[in-house]
Amino acid sequence: MIFPTLFKRRSCYFPTMWGSLIIVITLVMLGGFVVKNFATFLALNVPISSRYLVVEGWLSKVSLEQAVVEFRRGNYELIITSGGPDLSDFDSTYESYAEKATAELIKIGVEPSKIISAPSPASAQDRTYLSAVMVRNKLLEHLKFLPESINVFSSDVHSRRSYYLYELAFRNTETKIGIVATDSERFNLDSWWQTSEGAKSVLTEMFGWLWTRCCFAPHDVGSYGEMWGQKNV
């Protein structure tokens with residue numbers, strides 16, 4: 001009786017000492033390049049021609065001032081502020097970031113007639129995605145149609161995630177999405193790892209963006225789950 005062969009001799013190549021050194025140096029250089037440029041990668045800035053500027057309401061006062069500069073520079077017709085409740089704020093003057101940003105923009109000098117608020121409710125849904133959904137619904141309610149394009153004004157390293165989530169929220173429409181990132185006021189994008197604020201912001205946004213790309217699955221447009229982040233039970 002002949003038994004089948006269970007093992008077979010094969011040749012395998014391993015790098016020499018010099019080959020290993022070259023591989024290590026290459027990986028270190030590649031890793032350094034990725035780390036150095038990751039903040040710039042996250043701070044996506046791709047504005048398009050539009051008459052409508054969406055401003056994320058949780059932005060700082062300095063960033064809102066930059067939004068006003070963009071509004072005037074781009075000759076926009078309307079600002080739409082977005083955002084849900086600020087659960088960390090004990091001041092109940094404003095029920096949402098959207099309303100808080102609207103008040104601040106008016107103080108800076110924007111005419112009230114040029115601003116509409118699209119506040120979001122407290123929800124289990126991803127906050128940025130829900131903000132995009134509420135902006136979509138508010139535009140349809142206010143204009144009676146969805147515009148050809150909008151620009152979203154977001155915070156430096158958060159802008160790439162905002163761009164992706166707004167594209168998801170408007171995926172079944174003809175509306176094109178542009179993104180405008182604020183100038184970083186807290187740290188240098190090219191040396192973000194040198195400060196605790198930079199490291200915290202970039203690493204948080206990196207994991208947030210990766211999770212959004214690989215794990216976030218929006219519910220059907222107009223469904224209960226789109227608003228509340230879970231199925232109606």
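The values are calculated or read from the model by the stated rules, or taken from the named source; none is laboratory data. Everything numeric in this text was worked out from a predicted model, so none of it was measured. Because the Cβ atoms are built from the backbone with ideal geometry, glycine has one as well, and the counts that use them run over all protein chains shown.
Side notes on the structure shown:
- Residue in the range 156-170 that is without any contact (Cβ under 8 Å) to a residue 40 or more places away in the chain, part of a helix (DSSP H, G or I) and charged (D, E, K, R) present: yes
- Meets criteria (touching a Leu at 6+ places or on another chain (Cβ under 6 Å) and among the basic types (K, R)) for R171: no
- Hey, L165 in contact with a helix residue (DSSP H, G or I) (Cβ under 9 Å, 6 or more places away or on another chain), closer than 16 Å to E56 by Cβ, modelled with pLDDT of 95 or more and aliphatic (A, V, I, L, M) or not: yes
- Every residue from the range 171-210 that is in a helix (DSSP H, G or I) and either among the polar types (S, T, N, Q) or at positive phi (or both): S191, Q194, S196, S201, T204
- Scanning the range 206-233 for residues that are surrounded by 14 or more Cβ atoms within 10 Å (Cβ to Cβ) and either hydrophobic (A, V, I, L, M, F, W, C) or in contact with a Ser or Thr (Cβ under 7 Å, 6 or more places away or on another chain) (or both), we see that the one that is farthest from H158 (Cα to Cα) is V221.
- Residue match in the range 59-82 (condition: touching a helix residue (DSSP H, G or I) at 6+ places or on another chain (Cβ under 8 Å) and either basic (K, R) or without any contact (Cβ under 8 Å) to a residue 12 or more places away in the chain (or both)): yes
- Top-ranked residue of the range 166-217 - restricted to ones that are closer than 21 Å to D126 by Cα and acidic (D, E), ranked as farthest from the chain's Cα centre (by Cα): E167
- Within the range 39-72, considering residues that are touching a Phe, Trp or Tyr at 6+ places or on another chain (Cβ under 7 Å) and assigned to a strand (DSSP E or B), the one surrounded by the fewest Cβ atoms within 10 Å (Cβ to Cβ): Y52
- Any hit, the range 107-119, residues being surrounded by 14 or more Cβ atoms within 10 Å (Cβ to Cβ) and at positive phi: no
- Of all residue pairs spaced 6 or more apart or on separate chains, those with beta-carbon atoms under 7 Å, a first member in the range 210-227 that is touching a residue at least 40 places away in the same chain (Cβ under 8 Å) and a second member that is surrounded by 11 or more Cβ atoms within 10 Å (Cβ to Cβ) and among the charged types (D, E, K, R) are T212/R161; F216/D126; P218/E226.
- Within the range 193-205, the set of residues being touching a Phe, Trp or Tyr at 6+ places or on another chain (Cβ under 8 Å) and crowded, with 19+ Cβ neighbours inside 10 Å comprises G198, S201, V202.
- Flag if K36 is assigned to a helix (DSSP H, G or I) and modelled with pLDDT of 90 or more: no
- Yes/no for T102 being surrounded by 20 or more Cβ atoms within 10 Å (Cβ to Cβ), without any contact (Cβ under 8 Å) to a residue 60 or more places away in the chain, in a strand (DSSP E or B) and under 21 Å from the mean Cα position of the chain (by Cα): no
- Some residue of the range 66-78 being within 21 Å of the chain's Cα centre (by Cα) and closer than 24 Å to S191 by Cα: yes
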